[in-house]
Amino acid sequence: MVTGMRALDRKLMRDLWRMRGQVIAVAVVVASGAALLVMALSAHTSLSVTAEAYYERYRFAHVFAGVERAPERLAASIADIPGVQTVETRVVAFATIELAGVLEPISAQLVSLPPSGEPLLNRLALKAGRLPDPHSRDEAVVLEHFVEGNGLKLGDEIGVLMNGAKRQVRVVGVGLSPEFIYAVAPGGLTPDEKRFGVIWMGREALEAAYDLDGAFNDVSLALLRGTDPEGVVQRLDPMLERYGGTGAVARADHPSNWFLMNELEQLRTMATILPTIFLAVAAFLTNSVLARLIALERPEISLMKAFGYSNLQVGTHYAKLALAMAALGVLIGWGIGAALGRVNTALYADFFRFPFLYYRPSGAEFAISAAVGLGAALLGALGSVRSAVILPPAEAMRPPAPANFRANSLDGALTARLDSPTRIILRQIARAPFRAAQTVIGVALSVAVLVLAMQWTGVIETILDSQFSKSQRQHATLGFHEPIAYDGRFALERLPGVLAVEPVRVASADLRVGPRVHRGAITGLPPDAKLQVIHDVRGWYLPGARGGLVIATKLAEKLNVEVGDTISVEALDGTHSRFDLPVAALHETYIEMPAYLDIAVLNRELGDPPVFEMANLLLDPAEERAFYEAIKEIPGLSAVIIKQRSVEKMREEIGDMIWIFTSFFVMFSAALAYGVVYNAVRVALSERGRDLATLRVLGFTRWEISYILLGEAALLALIALPLGCLAGAGLVYVMAGSFDTELYRIPFTIRPGAYGQAMLIALTASAASAVFARRRIDNLDLIAVLKTRE
Amino acid sequence: MPAETEEQASIDPAAVLSARGLTKVYGAGASEVRALRGVDLDFAAGELAVLLGPSGSGKSTLLNILGGLDSPTEGDVLFHGESVTAYSERALTLYRRERVGFVFQFYNLIASLTAEENVALVTEISKNPLKPAEALELVGLGARTHHFPAELSGGEQQRVAIARAIAKRPEVLLCDEPTGALDSKTGVVVLEAIERVNRELGAVTVVITHNASIAAMAHRVIHMADGRISATELNETRLAPAEITW
């Protein structure tokens, strides 16, 4: 028996070698699924591990809070909150920066370092140089992104406009921080390493500049293990309220961490939906390859049974064949997945600028991909193997019953006008609809995945258009440290190049309805604003908010309010004014969850005279240079956002990522279409080789018989294209639904071009595999068919 | 009888198809097999020849080379005096398409096409074909035109195959063991069909068989052994297929 099994295994090896084309087709599809799984999961694990280690090693705080000005002694009281391990106070401010040779305005966040030098929390990972001398007023460590983005080096000087006073600061160190993995300027959506930086300086220097001697305006907390950060936030907020607390946030809501976790979540989504598609197709393919092999090997099966091999042994033999094909795929998938996982992790790590990177696949991704890859193949093999097992030995000796075609009325009408080769194609499909369906589904899924990959640029353009063309029409936005009187806008209007000015007020606030609360902001706009308007992404504009709040539908959902309901507002500033506002209207947005209010109403409710702290400007492009020069002299300016620059940066940043992912998907989907079509053609060739050779003898040319063979695959692929587009739309819909967060909603939108590109790629891959499989036609043995009975 | 080998240089001007010095060697060295060892033959228009010989005598190889399916190692096949051996792949395909009809032992019908459609397969690509229905009428299957192969008996399937072979009005009809898979009674019906199309269409008809009884219907019987023509005999009186049994 032992030697018997060896003989069967030898047969197995030879079968695999003989069918290597199809074995590879199945393996390629399994490999694609396994590779996607390993890539996404290993990148996810590695990035999670890296981020966790980064946070741990550099003591990323658990709770963050800002205040206007609080006395240093408050720190001791904060430390008494149960569960608080470490408290560190800081001075944090926004400032504008001048760099030699850079015309466009740059902003930066200034962060103080304690007198001891090394902070307790949110520590710096120094990449070059040293920490500033705690007593020096002109030394700084600068965020690495910004240093590289602007070609700075140690010893360079930066002009920082601190609270209206310009100071030259020298770069003595280059660093990274877990707090600024994703360093986004206020009002920005993506990091811009050229136009936004972080500058760490000695506490003394910043206290002096911002008039915070013996006081702080920012506090970070580390908590004891197991402490609920939300509980600490709830205790911290009241303590900070009288000092102008702007509302504490837990690590989970910290913008940098939030972005990072969101990216990791996307990787997880990718690791589940897409590999499933590939492995389902792999199951189909295994099924059709084995079914054909078993049909061809009926005599061998009967012989094995006649020799006394048990049903189990015969079944195992064919199951092993399926497993061998899948195992090859899994191995290839492991290799590709691990390599791409490393590339992917490195890309992300570069994007997030981790100071170190652990590419640490947990091993689970390999085990999972092997289990599902082999499982899919076994599942696909089940039906075919069963047919081999139940075949009685005597029946197996006889050739299978001849293909039984019978006329039906539909057929008559359909094929009457067709030539014979086309008739052959249609009847083959009609006779084996299940197998035809497998091919159609396989190619359709390839198209679907491609549609998903190709629609991203459309999505990004839709979001950008809604945010930056339909809603925000200004060219630039200026931000100020302190609210300035309404009259101040006339001074802005007089700046060179300024065509129009509109005041904006943004007030951080808790919006509360019963037990539901949202920590966000209210944007005050003039009711007749033209530079920033309230746009509903479903395609209409809302008039300025006179009667109350105009809020995003996503925010209405969160607070469970409708138009006419009342929202309790608590301003997160020095006043902590509390007031109620009705919901005047809802509008659908893609980004964030804005709440708009008439700026006059906002000022009144905050107990302020008519003031604004941001201004939207319309500029004359011809006078851009003069404008940039002029704003350098404006005191109290904290931020300058040039819209065009933001849009370009977002396109560039997201575009790179999308390009890389699209390439992966194109590669895998093409492999999918290739595998499916190659297999379909090879099975057809195996079944109809005799017919085709007969036709060659009868005087058909190679191209004429190629038509019969490839026409079927082509027809099925053509049927698959529209179905694939539909399935792709479904997939996009599911994906769009799974990206429904408070920061982003993904619109369900697909460019018509995405369908075209997807179909073209799938068709090209199908055609390539058909051409490859066609070469077999040249080797048909014309003489053998004359002598053999099928 | 081997006298013909001495006439190698001269070609019968009435011959439609001729073989000169055909040699076919398969393999090389120790595994070398000489399937044909210098065969010379001429077939005249309207002739019905039966190639008789045991398995391995080289008759199938000869038929394949005559039909343009295989090429000789040495020698030449001439069709109306033109060398078929020199044909390109494309010209060989055209030769099979327009000039030669094949009938196989196992019929080789396309299962997904009806009897009429199997014939139409050939008429659609040839220049001056019979109508499929006419061709089927000729082999006595006028009533079975819309049946699929699975719905026909073996003899009927073979007659469809003959109709398919002759529908292009070939000048040469090559039949490789056309009754090999059939019982005697059904085989006779198939032979009648072959005899009839030979008579009515005038195609050179070469029938390969190892069944000596069939030889009685031929104009000429060519015996093959060991890759050579061992004997040739002309039938003074031919038997009608109905008179043949085995």
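The values are calculated or read from the model by the stated rules, or taken from the named source; none is laboratory data. On a predicted model such as this, the values are computed, not experimentally measured, just so you know. Cβ: placed from backbone, ideal geometry, glycine included. Neighbour counts: every protein chain shown. Remember, those area values only see protein heavy atoms, side chains included, never the ligands or the DNA or RNA. Shrake-Rupley method; radii C 1.70, N 1.55, O 1.52, S 1.80 Å.
For residue A:120 and residue A:367, a Förster radius of 41 Å and the Cβ-Cβ distance give a FRET efficiency of 0.50, rounded to the nearest 0.05.
Excluding ligands and nucleic acids, what accessible area in Å² is computed for residue A:686 using a 1.4 Å probe, to the nearest 10? Counting only protein heavy atoms, the figure is 50 Å². Note that the range A:133-214 presents 33 Å² accessible area per residue, ligands and nucleic acids not counted, probe 1.4 Å.
Each peptide in A:257-264, A:14-21, A:675-682 gets a packing score, the mean of other Cβ atoms within 10 Å over its residues, and the list from highest to lowest is A:675-682, A:257-264, A:14-21. On a 24 Å Cα-Cα criterion, which of the cross-link pairs A:194/A:470; A:166/A:194; B:59/B:127; B:59/B:131; A:166/A:649 come out too long? Beyond 24 Å between Cα atoms: A:194/A:470; B:59/B:127; B:59/B:131; A:166/A:649.
For the range A:71-103, backbone nitrogen atoms closer than 20 Å to the point 7 Å from residue A:633 Cα along Cα-to-C-beta are found at A:96-103. Taking every C-alpha pair closer than 8 Å and separated by at least 6 residues, the mean separation divided by the residue count of chain A gives a relative contact order of 18 percent. Here the sum of -39500 (n - 2.57) over DSSP H runs of 4 or more residues, divided by the residues of chain A, equals -17500 deg cm²/dmol at 222 nm, to the nearest 500. Every Cα-Cα pair of the range A:498-619 was included, and the share exceeding 26 Å stands at 15 percent. Each residue, residue B:74 and residue A:9, gets one label point 7 Å from its Cα in the Cβ direction; the gap between the two is 5.1 nm. Approximating the spin labels as points 7 Å out from Cα along Cα→Cβ, the residue A:418-to-residue A:234 distance works out to 7.1 nm. Counting only protein chain heavy atoms and rolling a 1.4 Å probe, the accessible areas of A:690, A:702 rank, largest first, as A:702, A:690. An ellipsoid equivalent to the range B:3-243, defined through the eigenvalues of its Cα gyration tensor, has semi-axes of 29, 20, 17 Å when rounded to whole angstrom and sorted largest first. Taking all protein chains into account, the per residue accessible area for the range A:520-651 stands at 41 Å² (1.4 Å probe).
Each part gets one Cα centre, and for the range A:292-338 versus the range A:570-645 those centres are 69 Å apart.
Relative to the Cα centre, what is the charge dipole magnitude of the range A:444-570, using +1 at the beta carbon of each Lys and Arg, -1 at the beta carbon of each Asp and Glu, and rounding to the nearest 20 debye?
Numbers: 13 positive and 13 negative charges, 13 e Å.
The calculation lands at about 60 debye.
Label reach from residue B:89 (point 7 Å along Cα→C-beta): in the range A:695-719, amide nitrogens under 20 Å belong to A:695-711. Placing a pseudo-label 7 Å from each Cα along the Cα-to-Cβ vector at residue A:580 and residue A:56 gives an inter-label distance of 5.0 nm. Considering the dipole of the protein assembly as shown built from charges on the beta carbon (Lys and Arg +1, Asp and Glu -1) around the Cα centre, which of A:501, A:472, B:166 is farthest to its positive end? Ranked along the dipole, the leading option is B:166. At a probe radius of 1.4 angstrom, the accessible area of the range B:72-123 per residue rounds to 33 square angstrom. Listed by chain and number, the lysines placed with their C-alpha closer than 26 angstrom to that of residue A:320 are A:11, A:305; residues fewer than eight positions away on the same chain are left out.
When the alpha carbon gyration tensor of chain A is reduced to an equivalent ellipsoid, the three semi-axes, largest first, read 65, 29, 23 Å. Calculate the tail of P(r) for the range B:114-246: the fraction of all Cα-Cα distances greater than 17 Å, expressed in %. Percent of Cα pairs beyond 17 Å in the range B:114-246: 59. Less than 5 angstrom separates the built amide H of residue A:572 from those of A:508, A:509, A:510, all sequence-distant by 5 or more or on a different chain. Computing FRET efficiency as 1/(1 + (r/R0)^6) for residue A:128 and residue A:98, where r is the C-beta to C-beta distance and R0 is 25 Å, gives about 0.65. Residue separation of residue A:461 and residue A:79 scaled by 0.36 nm, minus their Cα-Cα distance, works out to 132.8 nm of gained length. Sequence-distant contacts, meaning Cα pairs under 8 Å at least 6 residues apart, place the relative contact order of chain B at 26 percent.
At the residue level, residue A:725 shows approximately 20 square angstrom of accessible surface with a 1.4 angstrom probe and all protein chains present. Taken over the alpha carbons of the range A:306-357 as equal point scatterers, the Debye sum produces base-10 log I(q)/I(0) values at 0.28 Å⁻¹ of -0.96.
Straight Cα distances below 13 angstrom link residue A:530 to the aspartates and glutamates A:502, with same-chain residues fewer than 8 positions distant left out. Database remark: amide H of residue A:197 closer than 5 angstrom to the amide H of A:107, A:108, A:109 (H placed geometrically; neighbours at sequence offset of 5 or more, or on other chains; Pro and chain starts carry no H). For the range A:61-251, the percent of C-alpha pairs falling in each 10 Å distance bin, counted from 0 to the bin holding the largest distance, reads 9, 37, 36, 16, 3, 0. Heavy atoms of chains B and A lose about 3000 Å² of accessible surface on contact, summed over both sides with a 1.4 Å probe. Specify the angular offset, from 0 to 90 degrees and rounded to the nearest 10, of the alpha carbon long axis of helix B:184-201 from the longest principal axis of the alpha carbons in chain B. Helix B:184-201 and the main axis of chain B meet at about 80 degrees.
I'd like the carbon and sulfur percentage of the solvent accessible area for chain A, probe radius 1.4 Å, heavy atoms only, ligands and nucleic acids excluded. Reported share for carbon and sulfur atoms: 59 percent. Roughly what % antiparallel, to the nearest 5, for the DSSP beta bridges in the range A:128-274? Just about 70 percent of them are antiparallel. Rolling a 1.4 Å probe over the protein chains gives residue A:55 an accessible area of about 10 Å².
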